Amino acid sequence: MRHLIFAGVLVIIIAAALIIGLDYIQLLPTQASVQAEPIDSMFALEFRIIAFLFALIVVLMIYSIVFFRRKKGDTTDAKHIEGNTKLEVVWTLIPLGMVLFLAYLGGQSLADTLRQDPRPVQIDVIGQQWSWRFQYPEQGIITNELVMPVNKQAVLHLQSADVIHSFWVPEFRVKQDVLPGGEGFVRDVFITPKEIGEYKLRCAELCGEQHTTMLATVRVLSENNFLDWLSKESGVPNDPVARGQLWYERYGCNSCHSIDGTRNVGPTWKGL
Ligand SMILES: [Cu+2]
């Protein structure tokens, strides 16, 4: 009994130290979207459970090694134990209950991230080897950076022009595969940014030679700045050279074709 109380106190102390330590080092980046909230609370809960289970197993193991090791000269056999039905029922039912509870919370969090607000901003996102393109169908805008207003939900309709990519902005937490195959394979992701700022969109699915360069800038603007941006972007220049330059960047041609003769994935456009 004395051992049990002492080991129990040690488990509680180590678990508490681990929980405080994990909170202190802040494993997750800034929480920049409303959809990140349920995901972060799941992380927080699971880190606490993991810290407790780690302490429970490791402390009891090390405690036993230290206090119950064979004494010098002791050649007697250990006591033979044949099963313990009560214990086995308990250590099956408790984890089963915990896993079911976590599944319930996971389902709730998933539903939270998929909730649609009335009249969200509509954005089509096209992933291709190895760039991103964003289209605002209501304003006729095509661009290579994702621009969104703060505190307003955006629905991103994701599709791929070639292989499977994955849309991931760590600060927004939510992540979604981007599939080829057209209409029936479009996947939606809902993001309500809550921090003005600049973020990085990464492709999170190995998609070929230059997968690691498949990045795009994400800018979250105030509502007024977003409206200004929309009106500025919807104008397309009349000069064919300026228009060509603009489309070369917007359609992501520049990720494969150079215009100065530099060797790249595709042939250069120099002299065309
Ligand atoms: Cu990709």
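Here are a few things to note about the model shown:
- Here the 3J(HN,Hα) profile of segment 90-107, calculated from phi with Karplus coefficients 6.51, -1.76 and 1.60 at θ = phi - 60°, is 5, 7, 8, 6, 5, x, 4, x, 5, 5, 5, 5, 5, 5, 4, 4, x, x Hz, Gly and Pro shown as x.
- Placed amide H near Leu158: partners under 5 Å, 5+ positions off or other chain: Val125, Arg187, Asp188, Val189
- Most fluctuating residue given options Pro170, Pro118, Pro149, as computed from a GNM of the chain linking Cα atoms under 10 Å: Pro118
- Of the trypsin sites (Lys or Arg not before Pro) in segment 67-150, the ones in a loop by DSSP (not H, G, I, E or B) with at most 14 other beta carbons within 10 Å are Arg69, Arg70, Lys71, Lys72, Lys79, Arg115.
- FRET E, pair Ser231, Phe43, Förster distance 30 Å, beta-carbon r, rounded to 0.05: 0.15
- Close amide H partners of Ile141, meaning residues 5 or more places away or on another chain with modelled amide H under 5 Å apart, are Tyr136.
- Those lysines that a straight Cα-Cα span of less than 23 Å connects to Lys152, excepting residues fewer than 8 apart in one chain: Lys175, Lys194, Lys200, Lys232
- DSSP beta bridges in segment 113-208 [antiparallel fraction, %, rounded to 5]: 75 percent
- Average accessible area per residue (Å²) across the chain - probe 1.4 Å, nucleic acids and ligands excluded: 64 Å²
- Whole-angstrom Cα spans of segment 38-138 along principal axes, big to small: 84, 34, 22
- Calculated translational diffusion coefficient of the chain (20 °C, 1.002 mPa s; Stokes-Einstein with Kirkwood radius over alpha-carbon pairs) equals 92 µm²/s.
- Within the accessible area of the chain (1.4 Å probe), percent carbon and sulfur: 61 percent
- Debye-formula intensities of segment 80-198, expressed as log10 I(q)/I(0) at q = 0.11, 0.16 Å⁻¹, are -0.51, -0.82 (one equal scatterer per alpha-carbon, no solvent).
- In order through segment 187-194: 3J(HN,Hα) via Karplus (6.51 cos²θ - 1.76 cosθ + 1.60), integer Hz, x for Gly, Pro: 10, 9, 10, 10, 9, 10, x, 10
- For the chain, the longest principal axis of the alpha carbon atoms and the long axis of helix 240-250 meet at an angle near 10°.
- Modelled spin labels at Asn254 and Lys86, positioned 7 Å past Cα toward Cβ, are 7.3 nm from each other.
- Contour excess over end-to-end distance, with Cα ends at Ile57 and Asp117 and 0.36 nm allotted per residue: 17.1 nm
- The calculated 222 nm mean residue ellipticity attributable to helices in the chain amounts to -13500 deg cm²/dmol, summing -39500 (n - 2.57) over DSSP H runs of n ≥ 4 and dividing by all residues.
The values are calculated or read from the model by the stated rules, or taken from the named source; none is laboratory data. In this text the structure is predicted, and so the values were computed from the model without any measurement. FYI the Cβ positions are ideal-geometry reconstructions off the backbone, even for glycines, and counts take in every protein chain you see. For the accessible areas, the whole protein counts, side chains as well, though only heavy atoms, and no ligand, DNA or RNA atoms are used. Shrake-Rupley method; radii C 1.70, N 1.55, O 1.52, S 1.80 Å.
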